[in-house]
Amino acid sequence: MAQKLSPLASPLLDKVTEGPTGWTGVEADEEWAAEVRRLAAERNAVILAHNYQLPEIQDIAHFTGDSLGLSRIAADTDADVIIFCGVHFMAESAKILSPEKTVIIPDERAGCSLADSITAEQLAEWKAEHPDALVVSYVNTTADVKALTDVCCTSSNAVDIVKSLPADREILFNPDQFLGAHVKRETGRDNIRIWAGECHVHAGISGPDLVAKTEEHPGADLYIHPECGCANSAIYLAGEGLVDEERVHMLSTGQMLDEAKNQQTGTVLVATEIGMLHQLRQTAPEIDFEPVNERASCSYMKMITPAALLRALALGVDEVDVPKETADAARESLERMIAVGQSGLGE
Ligand code: 13P
Ligand code: SF4
């Protein structure tokens, strides 16, 4: 059974106030950093941060990485408490993989428009229409959807997961239409049905944005997250010879870090949530990283503020729980996901 956390005192707690977009009132200064480290040590807590978190949260975390890498750490950690600086479905996945741990998200209101684009009821109906199909769900789904899923995937292993499934079985891929189109293209399978969901942040990184940026930076490499609305345009640009095919890289956030290490110099246009630029610039300071759309910021990810993290560690909130029946039904699909693909931590 997961341990219920009791509150710990902190001199900074009185400063935490509730603002219109989440917890606020605490600066990410040295006092805050020391307090975060002290409270984490006292709770034997591991702090995990997704690559889209605020830079100060990425820097204080024990591990920063992509969805796959962080899920693997959550499944393996010796810590008693997992503080998940990310969005709700990520913390839920950590809880499903490590049910005996206490899992905390610093603001439980940090949702995900993509996870909201399919409900368990909708998936159940879709399955009933295609009873022989296998269900592949992106990890950006609720625990209830995962419970109806055969295998989950992240952006870094979606192609390999689908390749591992019998070629003659129909696949219901959900919820991201752009990632689904990428998987279909890469696997060459025509028996994949794709749900029409999307992430509002990545869908907003459009073809015209990408074309304008490639005209501004003609020799640049392109790092494109497969959730992006511009993914098809990147393929089109390469197909038309407008961008050298070798310069177009479709990558998860963790794979972008690996690619940056190989590349070392030059200009790279980055099509994903702008939090990613912090990790990329730290990893390869000689490269000029330019966002394809500088307004592509996920307000859910940015709800994990310094104040929210301090409050989470001191008060032991917001705890994430998944009903046992749902977690048991969802676990196998997540375990199949973490068994496939690279580390996801940019190592
Ligand atoms: P990855 O970390 O798997 O690249 O996922 C991106 C994402 O949108 C998570 O919200
Ligand atoms: Fe969800 Fe998009 Fe935000 Fe990722 S960037 S958490 S997919 S809304």
Can you pull out every residue in the range 240-252 that is away from ligand 1 (no atom under 16 Å from the Cβ) and part of a loop (DSSP other than H, G, I, E, B)? Glu240, Gly241, Leu242, Val243, Asp244
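Wholly within the range 134-221, which helices (runs of 4 or more DSSP H) include no fewer than the required count, namely at least 2 residues that are within 26 Å of Glu245 (Cβ to Cβ) and more than 15 Å from ligand 1 (Cβ to nearest atom)?
Working: elements: 143-146, 158-163, 177-187, 200-203, 207-216.
Because the criterion is at least 2 residues that are within 26 Å of Glu245 (Cβ to Cβ) and more than 15 Å from ligand 1 (Cβ to nearest atom), the helices (runs of 4 or more DSSP H) in the range 134-221 that meet it are 158-163, 177-187, 207-216.
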Which one is farthest from ligand 1 (Cβ to nearest atom) among residues in the range 288-311 that are surrounded by 18 or more Cβ atoms within 10 Å (Cβ to Cβ) and part of a loop (DSSP other than H, G, I, E, B)? Thr305
Inside the range 116-145, can you point out the residues that are under 23 Å from Glu186 (Cβ atoms), out of contact with any Gly (no Cβ under 6 Å at 6 or more places or on another chain) and not hydrophobic (A, V, I, L, M, F, W, C)? His130, Ser137, Tyr138, Asn140, Thr141
Restricting attention to the range 111-132, does a residue exist that is outside any helix (DSSP H, G or I), in contact with a Leu (Cβ under 7 Å, 6 or more places away or on another chain), modelled with pLDDT of 95 or more and surrounded by 18 or more Cβ atoms within 10 Å (Cβ to Cβ)? no
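I'd like the full set of residues that are under 19 Å from the mean Cα position of the chain (by Cα) and part of a helix (DSSP H, G or I), limited to the range 261-280.
Restricting attention to the range 261-280, the residues satisfying the condition of being under 19 Å from the mean Cα position of the chain (by Cα) are 270-280.
If the condition is that a residue be under 19 Å from the mean Cα position of the chain (by Cα) and part of a helix (DSSP H, G or I), then Met276, Leu277, His278, Gln279, Leu280 are the ones that fit.
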Cβ-Cβ distance below 6 Å, separation of 6 or more or different chains: which pairs start in the range 316-339 with a residue that is assigned to a helix (DSSP H, G or I) and surrounded by fewer than 21 Cβ atoms within 10 Å (Cβ to Cβ) and end on one that is at pLDDT 95 or above and among the small types (Gly, Ala, Ser)? Thr326/Ala143; Thr326/Ala147; Ala329/Ala147
Go through Glu347, Glu273 for me and flag whichever is among the acidic types (Asp, Glu), modelled with pLDDT under 95 and within 15 Å of ligand 1 (Cβ to nearest atom). Glu347
Does the range 223-239 contain at least one residue that is in the same structural domain as Glu273 (by TED's automatic domain parsing), in contact with a Ser or Thr (Cβ under 9 Å, 6 or more places away or on another chain), over 20 Å from Val201 (Cα atoms) and part of a loop (DSSP other than H, G, I, E, B)? no
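The values are calculated or read from the model by the stated rules, or taken from the named source; none is laboratory data. This one's a predicted model, so the numbers in the text were calculated from it and none came from an experiment. When we count neighbours, we look across all protein chains shown, and the Cβ atoms used for this are built from the backbone with ideal geometry, even at glycine.
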